[in-house]
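Novice: Input: one structure, supplied below.
The values are calculated or read from the model by the stated rules, or taken from the named source; none is laboratory data. It should be emphasised that the depicted structure is a prediction, and the values quoted were computed from it without experimental measurement. Positions of Cβ are backbone-derived with ideal geometry, glycine not excepted, and every protein chain shown enters the neighbour counts.
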Amino acid sequence: MKNIFSFVFAGIIGGLVTLGGFQFLNTSNNIESPQVKQVNTVPLTKHTAAASLDFTLAANRTMPTVVHIKASKAPSTSSRDRGNDFGSMLEDLLGGGGFGGPKGEQKGSGSGVIISRDGYIVTNNHVVDYADELEVTLHDDRTFKAKKIGVDKRTDLAVLKIDATNLPVIKYGDSDRAKVGEWVLAVGNPFDLTSTVTAGIISAKGRDIDIIREKGAIEDFIQTDAAVNPGNSGGALVDLEGNLIGINTAIYSPGFGGTFAGYAFAIPANMVKDVASNIIEHGGPRGMLGVSVQDVDKDLASEKNLSVNSGVYIAEVVDGGAAQYAGILPNDVIVAVDGQTVKDAPALIAIVDKTKVGEILELKVNRKGRTKNIQVALKAG
């Protein structure tokens with residue numbers, strides 16, 4: 001059984017190392033004291049932790065790009081949806097910032113990151129999913145009403161838009177190149193404490209914590225020990241240059257509605273960039289193959305009499321879907337996409353997720369021991 005997780009964000013940490021020297025002096029009665037003996041010291045250089053560990057640049061670059069989001073739902077609709085949205089166990093787990101209000105009104109808060117000068121903002125879907133009113137407060141205290149442009153529940157991402165220009169914009173980093181042990185900062189609004197910065201390191205990459213309960217969910221979290229709490233959801237995880245490495249999304253908590261226990265999780269920036277771009281350009285529809293799949297292993301290969309021991313087994317083809325139209329059949333095994341080897345379903349999903357509606361993927365398929373190359377134009381899903 002996997003542990004319970006709550007949505008939020010990152011870190012605590014700081015360090016300082018100082019090196020010094022000492023001097024040794026021998027004295028004795030009626031004897032002149034010798035010269036002080038010098039002991040070699042090790043100077044701090046740019047390669048030492050103390051000299052290079054400076055969070056101010058990243059903090060100053062990031063804080064103006066992180067916004068505070070207030071989400072609310074009117075009483076007329078909140079009572080109808082109670083039990084499967086803000087007041088539900090799912091929202092308690094994901095931690096939008098503490099929903100609840102008088103007379104059935106439901107409110108919550110979280111964070112977001114400005115990704116364009118004309119007002120596009122990326123955040124977590126669970127922060128804004130069921131809200132019918134959204135208010136965004138910038139770092140300079142200006143407040144705007146926000147419009148929901150689109151969401152991707154499979155990755156728990158959403159894009160908002162405010163009517164503003166010449167906004168400060170965060171710079172995307174390359175999350176694929178981020179390394180375990182690298183220093184990172186989390187910037188957000190935990191417990192409505194605006195523009196809060198915490199520090200930590202990347203603890204792990206590629207975490208699948210089974211928290212997004214959507215069909216075809218994509219989890220590839222960056223784990224960090226930077227302190228995050230409810231209200232940090234949707235905020236920025238950045239490197240020491242202030243480049244976006246991830247969107248803070250979840251924390252480990254030993255109970256419901258818990259607080260930070262040393263383990264936080266962020267959606268990688270490369271995924272965020274692809275998803276946000278697709279939402280902005282297409283309003284949210286995702287490219288879909290139109291198949292049900294299973295990972296191929298030795299047991300499945302034996303059961304289905306397959307000639308390969310890895311890949312993605314096509315259990316079912318959706319009527320009218322892209323795969324059926326292209327000629328993909330049940331019992332086919334996808335072993336590569338566009339020349340890239342595919343060993344399991346998450347690898348296939350990650351590739352498809354980066355492909356826009358109408359774009360073509362070339363699938364290498366093993367069919368009863370023979371290999372076929374099939375081109376598939378993705379349809380909206």
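Novice: Quick test for you: out of 178, 186, pick the one residue that is of a type in the set (A, V, I, L, M, F, W, C) and more than 21 Å from residue 64 (Cβ to Cβ).
Specialist: Details: 186 fails: more than 21 Å from residue 64 (Cβ to Cβ).
Every option except 178 fails the conditions.
Novice: Which number in (1) part of a loop (DSSP other than H, G, I, E, B); (2) under 22 Å from residue 354 (Cα atoms); (3) without any contact (Cβ under 8 Å) to a residue 24 or more places away in the chain marks the one condition that residue 181 misses?
Specialist: (2)
Novice: Of everything in the range 337-346, what is of a type outside the set (D, E, K, R), in contact (Cβ under 8 Å) with a residue 12 or more places away in the chain and either surrounded by fewer than 19 Cβ atoms within 10 Å (Cβ to Cβ) or assigned to a helix (DSSP H, G or I) (or both)? Give them in sequence order.
Specialist: So in the range 337-346, the residues of a type outside the set (D, E, K, R) come out as 337, 339-342, 345-346.
Restricting the remaining residues to those that are in contact (Cβ under 8 Å) with a residue 12 or more places away in the chain gives 337, 339, 342, 345-346.
Passing the criteria: 339, 345, 346.
Novice: For residue 308, work out the one condition from (1) at pLDDT 90 or above; (2) of a type outside the set (Gly, Ala, Ser); (3) under 30 Å from the mean Cα position of the chain (by Cα) it doesn't fulfil.
Specialist: (3)
Novice: Please find, within the range 261-273, the residue that is nearest to residue 157 (Cα to Cα) out of those that are at pLDDT 90 or above and out of contact with any strand residue (DSSP E or B) (no Cβ under 6 Å at 6 or more places or on another chain). Lay out the reasoning, then the answer.
Specialist: Let us first name the residues in the range 261-273 that are at pLDDT 90 or above, namely 263-273.
If we keep only those that are out of contact with any strand residue (DSSP E or B) (no Cβ under 6 Å at 6 or more places or on another chain) too, we end up with 270-271.
Numbers: 270: 13, 271: 10 Å.
For the range 261-273, the residue satisfying everything is 271.
Novice: Let me ask something else. Of all residues in the range 184-222, how many are touching a strand residue (DSSP E or B) at 6+ places or on another chain (Cβ under 8 Å) and either part of a strand (DSSP E or B) or among the small types (Gly, Ala, Ser) (or both)? Break it down into steps so the answer makes sense when it comes.
Specialist: We begin by selecting, within the range 184-222, every residue touching a strand residue (DSSP E or B) at 6+ places or on another chain (Cβ under 8 Å); these are 184-190, 192, 194-209, 211, 219-222.
Narrowing further to those that are either part of a strand (DSSP E or B) or among the small types (Gly, Ala, Ser) (or both): 184-188, 195-207, 221-222.
The qualifying residues number 20.
Novice: Just one of (1) closer than 26 Å to residue 238 by Cα; (2) at pLDDT 50 or above trips up residue 98, so point out which.
Specialist: It fails just one condition, (2).
A quick yes/no check of all residues on (1) part of a strand (DSSP E or B); (2) within 25 Å of the chain's Cα centre (by Cα); (3) assigned by TED's automatic domain parsing to the domain that holds residue 218:
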residue	(1), (2), (3)
320	no, no, no
324	no, no, no
329	no, no, no
355	no, yes, no
362	yes, no, no
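Novice: Just the residues that are modelled with pLDDT of 80 or more, in a loop (DSSP other than H, G, I, E, B) and over 19 Å from residue 109 (Cα atoms), please, taken from the range 233-260.
Specialist: Of all residues in the range 233-260, those modelled with pLDDT of 80 or more come to 233-252, 260.
Applying the additional criterion that residues be in a loop (DSSP other than H, G, I, E, B) yields 233-235, 239-242, 260.
Once the filter is applied, which keeps residues that are modelled with pLDDT of 80 or more, in a loop (DSSP other than H, G, I, E, B) and over 19 Å from residue 109 (Cα atoms), the range 233-260 yields 239, 240, 241, 242.
Novice: Identify all residues within the range 192-213 that are loosely packed, with under 15 Cβ neighbours inside 10 Å, in contact (Cβ under 8 Å) with a residue 40 or more places away in the chain and out of contact with any helix residue (DSSP H, G or I) (no Cβ under 9 Å at 6 or more places or on another chain); write none if there are none. Lay out the reasoning, then the answer.
Specialist: At the first step, the residues of the range 192-213 found to be loosely packed, with under 15 Cβ neighbours inside 10 Å are 192-193, 204, 206, 208, 210, 213.
Retained after the next criterion (residues that are in contact (Cβ under 8 Å) with a residue 40 or more places away in the chain): 192, 208, 210, 213.
Across the range 192-213, the qualifying residues are 192, 210.
Novice: OK, next. Against the condition over 20 Å from residue 63 (Cα atoms), surrounded by 13 or more Cβ atoms within 10 Å (Cβ to Cβ), in the same structural domain as residue 156 (by TED's automatic domain parsing) and modelled with pLDDT of 95 or more, how does residue 175 come out, does it pass? Step through it out loud before you land on a result.
Specialist: On the way: over 20 Å from residue 63 (Cα atoms): no; surrounded by 13 or more Cβ atoms within 10 Å (Cβ to Cβ): yes; in the same structural domain as residue 156 (by TED's automatic domain parsing): yes; modelled with pLDDT of 95 or more: yes.
No; evaluated as a whole, the condition is false for this residue.
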